[in-house]
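Peer 1: For reference, the structure I am asking about is given below.
The values are calculated or read from the model by the stated rules, or taken from the named source; none is laboratory data. Because the structure is predicted, anything quoted here is derived from the model rather than measured. Heads up, the Cβs are rebuilt from the backbone with ideal geometry, glycines too, and the neighbour counts pull from every protein chain shown. Each accessible area value is taken on the protein alone, full model and side chains, heavy atoms only, with ligands, DNA and RNA left out. Shrake-Rupley method; radii C 1.70, N 1.55, O 1.52, S 1.80 Å.
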Amino acid sequence: MKQALEEATATGTDVQDHDHHGIRQVLRELGIQEINAAYSTGLKWGGTDNEQLLSITSPTDGKLIAKVRLATAVDYEQVVRTAEEAFTTWRLVPAPKRGEIVRQIGNKLRDYKDPLGKLVSYEMGKILQEGLGEVQEMIDICDFAVGLSRQLHGFTMHSERPAHRMYEQYHPLGLVGIISAFNFPVAVWSWNAMLAAVCGNVSIWKPSEKTPLVAVAVQHIIKDVLRENELPEGIFSVLIGDAEIGSRMAADERLPLISATGSTRMGKKVGAVVGARLGKALLELGGNNAIILTPHADVDMAIRAVLFGAVGTAGQRCTTTRRLIIHEEVYEDVKQRLLSAYPKLPIGHPLQDGNLVGPLIDKDAVRMFSEALERVQAEGGTLLTGGEVLSGTGYETGTYVQPALVEAKNEYHTVQEETFAPILYLIKYSGEVENAIALQNGVRQGLSSSIFSLNMRETEAFLAHTGSDCGIANVNIGTSGAEIGGAFGGEKETGGGRESGSDAWRVYMRRQTNTINYGTALPLAQGIKFDI
Ligand code: NAD
């Protein structure tokens, strides 16, 4: 203890001395003891002047993990200036060489997968399997970005004019601001930062104030790559701060693109501020995702997908299954199966083997869970099982809840909203699949959706343009757990943004159309005559 405190003082750290579940060792492995700063420009940490400290406690056991400093306006300016300088160098590095740096970052993430996954789990509360999965997602996007670095292509077109040719090319934008949510505290950063990087941009990351330690850890991990390659500071920066720093980024004209992940409430604010300056906003906001279960469903398979979708990450995924739209013919069977599975869910410390449901992020989230259950019952919903805030040994933090199953109607106000907690609404439909699709689309959000059916006419109706209105529409797969290869995002109040795979990279670049005349005349388009 004494040695740890001395070490802490010597290096100016605020990391707490406890080794519950080996977390101190994890922090040490990730190099976290070395900071006492509010920002990092990749190679250097800074901003030690602010006396304001933010305490980071784990939702798993309520223990204080560390204290971090909040960035000030002065820190912000320093980070932006350094990023601007770095951009002048980074954009000159050929894209495949930028890909090589991202490849090395992916390899470092492989080396640190275990401790980083463990820290994700401890700081955010998702089970270790999902914490490791999140780091794997970072590795996957690095691999994807490496390939992409040789593929940043535009189209070529035939010109209507003789001896002319046309093509388009993509140039880097400059500084990309990344505002991320607590529930995917590192993967979402990598989706953005790795694509932005191969595209020739530099990025400034403001992680959630609820999960800044994993961001600090990630900066430590990539620092070595930057140093080994003698790259300038400022290619990947982190600012520790709350909504205030986020809104500063949104308003800053030096950041042509703001990629913001979080609640629809936040996205509406950020979107308005970025829009007012005619900047680009990539918004990844809340979902209200449904699975449709038709009479032709493989119910065994569907139940497994529903359970992972509804209670995985304790219902704190943007793609969490929140509504189950079940045909009346199979309704009772599905309800009974879920009623038998829900009480048996292993809920507990996410680092302990066997547990499948960890805590909610904090007591505010628990309050919102309980309030939503009260509201939906007042509207006429029936709580079938769950809903309790757990107490007693292992649950002293008051952050563990028993996932709830509620019979409800789609039009209930509470069902129309995203409650970021494990509540699954069972909604009955009758007649044709179109009725279920109408219910599925009958919310303001449009992120993820799925249908369980072995009937081709039903599944094709779901996928047709008159079918699901979501950014993600799956068949015989649940709503969550997307692969990085596809473009990820949703419509309506989910914000319309797309990131990760497919051609999502284009949003990180500016498109330029080039027309070249290699002839001796100067014909005008549309045959216009303008002879002088
Ligand atoms: P949140 O909106 O509270 O915070 C998200 C981030 O936005 C944080 O970094 C926060 O500091 C910042 N922020 C808040 N107000 C801001 C403002 N006015 N200006 C600038 N920045 C601001 O969300 P949360 O509780 O961290 O995350 C949960 C939400 O995120 C859920 O709604 C979930 O569906 C959504 N989410 C969406 C996706 C997606 O890809 N669609 C992915 C993950 C999470």
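Peer 1: Would you compute, from DSSP H runs of 4+ residues alone, the mean residue ellipticity of the chain at 222 nm, taking -39500 (n - 2.57) per run and dividing by the full residue count, rounded to the nearest 500?
Peer 2: It comes out at -12000 deg cm²/dmol, rounded to the nearest 500.
Peer 1: Roll a 1.4 angstrom probe over the protein heavy atoms and tell me the percent of accessible area of the chain that is carbon or sulfur.
Peer 2: 51
Peer 1: Let me ask something else about it. Tell me which DSSP H helices of the chain clear both cut-offs, 15 Å or more of axial length from alpha-carbon atoms and a mean Kyte-Doolittle hydropathy of at least 1.0.
Peer 2: Span-like helices, by this rule, are 187-198, 299-311.
Peer 1: Still on this structure, please answer the following. Give the relative contact order (percent, whole number) for the range 289-483; include only Cα pairs under 8 Å separated by 6+ residues.
Peer 2: Normalised by residue count, the contact order of the range 289-483 is 30 percent.
Peer 1: For the range 289-483, what does the convex hull of the Cα positions come to per residue, in cubic angstrom?
Peer 2: 111
Peer 1: Pairwise over distinct Cα atoms, reciprocal of the mean inverse distance: report the Kirkwood radius of the chain in Å, one decimal place.
Peer 2: 24.5
Peer 1: Right, here's the next one. Which net charge results when you count Lys and Arg as +1 and Asp and Glu as -1 among the other residues whose beta-carbon is under 13 Å from that of MET194?
Peer 2: Net charge around MET194: -2.
Peer 1: Give me the distance between the Cα centres of the range 275-307 and the range 472-532, rounded to whole Å.
Peer 2: Result: 23 Å between the Cα centres.
Peer 1: Assuming 0.36 nm per residue, please report the length gained on full extension of the stretch SER430 to THR466 beyond their Cα-Cα distance. Could you put the intermediate results ahead of the total?
Peer 2: On the way: separation 36, 0.36 × 36 = 12.96 nm, distance 1.88 nm.
Full-extension gain reported as 11.1 nm.
Peer 1: While we're on this one: Multiply the residue separation of HIS153 and GLU228 by 0.36 nm, subtract the distance between their alpha-carbon atoms, and state the gained length in nm to one decimal.
Peer 2: That works out to 24.1 nm of additional length.
Peer 1: Quick one: work out the % antiparallel among DSSP beta bridges in the range 289-483, nearest 5.
Peer 2: The antiparallel fraction comes to roughly 15 percent.
Peer 1: So, one more: If you place +1 on the Cβ of every Lys and Arg, -1 on the Cβ of every Asp and Glu, and leave all else neutral, what size is the dipole of the chain about its Cα centre, to the nearest 20 Debye?
Peer 2: Dipole of the chain, to the nearest 20 debye: 1200 debye.
Peer 1: Something else about it: Provide the FRET efficiency to the nearest 0.05 for the GLN377-ASN514 pair, computing r from the beta carbons and using R0 = 41 Å. Write down the numbers at each step before the final one.
Peer 2: Details: r = 62 Å, r/R0 = 1.51.
Efficiency at R0 = 41 Å is approximately 0.10.
Peer 1: For VAL389 paired with HIS171, estimate the spin-label separation in nm (one decimal), with each label point 7 Å from Cα along the Cα-to-Cβ line.
Peer 2: That separation, rounded to one decimal, is 5.5 nm.
Peer 1: Calculate, axis by axis, the spread of Cα positions in the range 382-532 along the three principal axes, and write the results as whole Å, longest axis first.
Peer 2: Result for the range 382-532: principal-axis Cα extents of 87, 44, 29 Å.
Peer 1: For the chain, with the dipole built from +1 on Lys and Arg beta-carbon atoms and -1 on Asp and Glu ones, taken about the Cα centre, which of THR156, GLY442, PRO343 lies farthest toward the positive end?
Peer 2: Among THR156, GLY442, PRO343, the one farthest towards the positive end of the dipole of the chain is THR156.
Peer 1: Next up: Compute the length gained on full extension between SER370 and GLU100: take 0.36 nm times their separation in residues and subtract their Cα-Cα distance, giving the result in nm to one decimal. Spell out each step's value before the answer.
Peer 2: Values: separation 270, 0.36 × 270 = 97.20 nm, distance 4.85 nm.
Extra length available between SER370 and GLU100 comes to 92.4 nm.
Peer 1: Could you state the accessible area per residue of the chain in Å², with a 1.4 Å probe and every protein chain left in place?
Peer 2: Values: 22010 Å² over 532 residues.
Per residue, the chain has 41 Å² of solvent-accessible surface.
Peer 1: Something else about it: Any idea how many Lys pairs in the range 289-483 come in under 17 angstrom at the alpha carbon, given 8 or more places apart or on separate chains?
Peer 2: 4
Peer 1: Another one. Under 20 Å from a label point 7 Å along Cα→Cβ of ASN50: give me every residue in the range 225-255 with its amide N that close.
Peer 2: Counting backbone N atoms under 20 Å from the label point, the list is 234-255.
Peer 1: I'd like the GluC sites (Glu not before Pro) in the range 233-276 restricted to DSSP loop residues with at most 12 other Cβ atoms within 10 Å, sorted by number.
Peer 2: Within the range 233-276, the qualifying GluC sites (Glu not before Pro) (loop, at most 12 other Cβ atoms within 10 Å) are GLU253.
Peer 1: Where the centroid of each part is defined by its Cα atoms, how far is the range 50-84 from the range 409-430 in Å?
Peer 2: Between the Cα centre of the range 50-84 and that of the range 409-430, the gap is 36 Å.
Peer 1: Estimate the FRET efficiency between GLU253 and VAL74 by the formula 1/(1 + (r/R0)^6), using the beta-carbon distance for r and 25 Å for R0, to the nearest 0.05.
Peer 2: Between GLU253 and VAL74 the formula returns 0.85.
Peer 1: How charged is the neighbourhood of GLY267? Take every other residue with its Cβ under 11 Å from the Cβ of GLY267, and add Lys/Arg as +1 and Asp/Glu as -1.
Peer 2: +1
Peer 1: Excluding residues on the same chain fewer than 8 positions from LYS280, give the lysines whose Cα lies under 19 Å from its Cα.
Peer 2: LYS206, LYS268, LYS269, LYS492
Peer 1: Can you check what the net charge comes to around SER370, using other residues whose Cβ is under 14 Å from the Cβ of SER370 (Lys, Arg +1; Asp, Glu -1)?
Peer 2: Its environment carries a net charge of -2.
Peer 1: Follow-up question, since we're still on this one. Can you give the FRET efficiency to the nearest 0.05 for GLN416 and ALA163, using r as the Cβ-Cβ distance and R₀ = 41 Å?
Peer 2: Working from the Cβ atoms, E equals 0.10.
Peer 1: Hey, another quick one. Return a whole-number percent for the relative contact order of the chain, with Cα pairs under 8 Å and 6 or more residues apart as the contact set.
Peer 2: Relative contact order for the chain comes out at 16 percent.
Peer 1: What range in the chain is the longest one free of chymotrypsin sites (Phe, Trp or Tyr not before Pro) that are in a loop by DSSP and have at most 12 other Cβ atoms within 10 angstrom? Write out the running numbers ahead of the final one.
Peer 2: Details: sites that count: PHE155, TYR518, PHE530.
Longest gap between qualifying sites, sites excluded: 156-517.
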